[in-house]
Each structure stands twice: as structure tokens, then as C-alpha cells.
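Notes for the one structure printed next.
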Amino acid sequence: MENGYFAHPTAVVDEGCTIGNGTKIWHFSHIMKDCEIGDNCNIGQNVVISTGVRLGNNVKVQNNVSIYTGVICEDDVFLGPSMVFTNVINPRSAVVRRDSYMTTVVGKGATIGANATIVCGHNIGPYAFIGAGAVVTKEVKPYSLVIGNPARHTGWMSEYGHKLVFDGNGLSTCPESGERYKLENGMVSRIIL
């Protein structure tokens, strides 16, 4: 960790990228130039992080994930095994669309499950939870649980990853952390005391 991060000998780290302290990059991964990876991230094996991608601190990228130009992941994001991002809405092999890359922002603490697909240009709100195999084709609200193809809202999740059950007053408590949440006007927020 002479650079402040660890890269497995089979990993390729291009010059011109920024990698934070304590980050680990595992077997056969490729980190391309001009991307930014925060502190204490874990980049699994066979991962590609393309030019211009930004990952915050403590982002966990499981095996076989490609993070394409246009993707921004805030702190504490979890990207499950073999999940997929796109960055062009209408790709064609014979048509160059490098100027058409769309931005996708994955909010702080969000989880994207194994084999999920995120169609570009649709942001994922903080602490949202995308179920395994879901195909996201529209914006996902903070704390929202979405599943299926196309992904549809089926509930709300706590910051600790537990499904929230709201009472008649729109209040819920996370069973693990004890944190309280309020559901109001179709949005969830954590109650800060």
C-alpha cells in the first residue's frame, strides 16, 4: 500500500486516476484514467471503472461490475455482483455516441442488488434499495425499495437495510438501529432528534 491503497498484481491501474487511502482493488480489475475513487472502497475482481467515473468513500463494488463514464456513486454505495450500468440510451455499434453519455447519480448509502440493470439518466436516491435483477427505467426516490422488470416501488427501507412498516401516523422505527422515519406526501425522511 505504498500509494495509500492496495491493488492486486493482476489489476490494471491507469495513470491519471485518483484513488483514496485504504481502498482495495482486486484480481483482474481495470481502473481507467481520470476516474476518482474515494477512501476505503473495495473494488471486487473483474471490475472496470471507466474514465470520468466518481466513487465516494466506502463504496463496495462486487465482482463483475462495469461502471461506465457518466456514473457517480456517493459515499457508502453498495453495487451487487454483476449489476449493470448503461451510459447511452440508444447505442448502435456503427454510430459513435461518445458525446451522448448520460449521467446517473447513485445517492449516499444506496444498494443495487445482484444482476440489476440501471438504464442511464435515472438517478437513484439516497438509501434506496434496488432488488436483485431489477431493471430501473425511471428515477428512484430516497429510501425506496424497487423490484422487478421494469422496477416498481414496493416499499421503503431504513438506512440499515430493513423494510419499514409505517403506522397510521406515517411513523416507523428501524428494528436494528432504532432510528425513526416519517412517511409524508409520498416521501420518507429520517427523523433527527
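Mind listing just one residue for me: the one in the stretch 110-130 that is surrounded by fewer than 23 Cβ atoms within 10 Å (Cβ to Cβ), in contact (Cβ under 8 Å) with a residue 24 or more places away in the chain and on the phi < 0 side of the Ramachandran plot and, of those, nearest to the chain's Cα centre (by Cα)?
THR111
Give the residues of the stretch 145-185 that are of a type in the set (Ser, Thr, Tyr) and free of Cβ contacts under 8 Å to residues at least 24 places away in the same chain, sorted by residue number.
Residues satisfying the conditions are THR154, TYR160, SER172, THR173, SER177.
Going through the stretch 1-45 one residue at a time, which ones are among the polar types (S, T, N, Q), exposed (fewer than 15 other Cβ atoms within 10 Å of the Cβ) and under 21 Å from the mean Cα position of the chain (by Cα)? Don't jump to the end; show me each part of the working.
Let us first name the residues in the stretch 1-45 that are among the polar types (S, T, N, Q), namely 3, 10, 18, 21, 23, 29, 40, 42, 45.
Those left that are additionally exposed (fewer than 15 other Cβ atoms within 10 Å of the Cβ): 3, 10, 18, 21.
The answer is THR18, ASN21.
Of all the strands (runs of 3 or more DSSP E) wholly in the stretch 136-193, which have at least 3 residues that are in contact with a His (Cβ under 8 Å, 6 or more places away or on another chain)?
Qualifying strands (runs of 3 or more DSSP E): 144-147.
Could you tell me how many of the residues in the stretch 124-146 are of a type outside the set (Phe, Trp, Tyr) and closer than 22 Å to LYS182 by Cα?
Here the count works out to 12.
Pairs needed: first member in the stretch 40-56, under 14 Å from GLY20 (Cα atoms); second member anywhere, crowded, with 17+ Cβ neighbours inside 10 Å and hydroxyl-bearing (Ser, Thr, Tyr); C-beta distance under 6 Å; at least 6 residues apart or different chains.
CYS41/THR23; ILE43/SER29
Being surrounded by fewer than 21 Cβ atoms within 10 Å (Cβ to Cβ) and in a strand (DSSP E or B) is true for just one of VAL105, VAL88. Which residue is that? Outline the logic, then answer.
Numbers: VAL88 fails: in a strand (DSSP E or B).
After applying the criteria, what remains is VAL105.
Could you list, in sequence order, the residues of the stretch 19-36 that are over 12 Å from ILE49 (Cα atoms) and not in a loop (DSSP other than H, G, I, E, B)?
Within the stretch 19-36, LYS24 is the sole residue that qualifies.
So, in the stretch 138-193, exactly how many residues are surrounded by fewer than 14 Cβ atoms within 10 Å (Cβ to Cβ) and of a type in the set (Gly, Ala, Ser)?
7
Values in this text are rule-based calculations from the coordinates and carry no lab data. Since the model is a prediction, treat every value here as computed from it, not as a measurement. Please note: Cβ atoms are built from the backbone with ideal geometry, for glycine as well, and neighbour counts cover all protein chains shown.
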